[in-house]
Amino acid sequence: MPRVHLYQLWVRRYTPPGRWIGNDRRPQPLRYRQVLLLCWCVLSYPVTLVGAIDTSDDDIEYQIKAAYLYKFASHVEWPPASFPEADTPVSIGIVGADAMATELNKLTLGHLVNNRKVEVKRLKPGAPLSDIQILFIGQREHGQLKQLLDTIKSQPILTVTESPGALEAGSVINFIPLDKRIRFEVSVASAEHSGLKISARLLEVAQRIEGGRP
């Protein structure tokens, strides 16, 4: 009998064809509904579902990371000045990861984060890192990682990476592979240094917390 993960049972039970998730009233492709629901489940039920993320299928790696990134935004508090207007969108900059930008554009289309629209910006290396609240730095920019992070040091920007040693370089959240699955680690010190507050729920499901729990 083929192995069925717990999250697949959840998806089959709670996402009938044609239903939607979040604020988007248009039906989403089945795989995207599954991935988004999976990450919601992981953040809501860390003990039972944290072990269910399997990245042996390379095709969904960035779909899962994009879904996580989307959910991270709901579990981080920025200083009020980061959103000067009521309609200021949550702006996510992507550098060195075209696949992430593509998947995130698909996933966030029509969705809101804390009642704000989401915009995804593909940034070229060397481009100004301004007017964004989240910055994802892909593995392709590993050689420039420390320089990129130093550029926005102390700014209220949630940095998310996927490189070994990224937390030590100053990243706030870093994706790590573990047993062919996606986990993430969090630096509370880097978050506080950037004026960000990470929710307790997000910290509960982190694989590692640098600096300990606040």
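The values are calculated or read from the model by the stated rules, or taken from the named source; none is laboratory data. Note that the coordinates shown come from a computational prediction; the quantities given were computed from them, not determined experimentally. Quick reminder, even Gly has a Cβ in these numbers, built from the backbone with ideal geometry, and neighbours come from all protein chains shown.
Looking only at residues in segment 115-149 that are modelled with pLDDT under 95 and acidic (Asp, Glu), the one that is farthest from residue 175 (Cα to Cα) is 131. Selection of strands (runs of 3 or more DSSP E) fully inside segment 100-214 by the criterion of at least 1 residues being among the small types (Gly, Ala, Ser) and in contact with a helix residue (DSSP H, G or I) (Cβ under 6 Å, 6 or more places away or on another chain) returns 181-187. Being in contact with a Gly (Cβ under 9 Å, 6 or more places away or on another chain) and part of a loop (DSSP other than H, G, I, E, B) is the filter; apply it to segment 78-99 and report the residue that is nearest to residue 140 (Cα to Cα). The selected residue is 96. In segment 180-210, how many residues are surrounded by fewer than 20 Cβ atoms within 10 Å (Cβ to Cβ), within 15 Å of residue 161 (Cβ to Cβ) and of a type in the set (Ser, Thr, Tyr)? Looking only at that region, the number is 0.
For residues in segment 151-171 being surrounded by 23 or more Cβ atoms within 10 Å (Cβ to Cβ) and small (Gly, Ala, Ser), which is nearest to residue 195 (Cα to Cα)? Here the residue is 171.
The set of residues from segment 156-196 being over 16 Å from residue 135 (Cα atoms) and either at pLDDT below 90 or not acidic (Asp, Glu) (or both) comprises 164, 165, 176, 177, 178, 179, 180, 181, 182, 183, 188, 189.
Consider segment 192-205 and keep the residues that are of a type in the set (A, V, I, L, M, F, W, C) and free of Cβ contacts under 8 Å to residues at least 60 places away in the same chain. The one that is nearest to residue 77 (Cα to Cα) is 200.
Please work out if residue 111 is touching a Gly at 6+ places or on another chain (Cβ under 7 Å) and either touching a residue at least 60 places away in the same chain (Cβ under 8 Å) or at positive phi (or both). Yes.
The condition of being free of Cβ contacts under 8 Å to residues at least 40 places away in the same chain, under 14 Å from the mean Cα position of the chain (by Cα) and within 23 Å of residue 207 (Cα to Cα) holds for only one of 65, 71, 146, that being 71.
Can you find, within segment 114-137, the residue that is surrounded by the most Cβ atoms within 10 Å (Cβ to Cβ) among those that are basic (Lys, Arg) and within 16 Å of residue 84 (Cα to Cα)? By that ranking, first place goes to 116. Of the numbered conditions (1) in contact (Cβ under 8 Å) with a residue 60 or more places away in the chain; (2) at positive phi, residue 96 satisfies every one except a single condition; which is it? All conditions are met except number (1).
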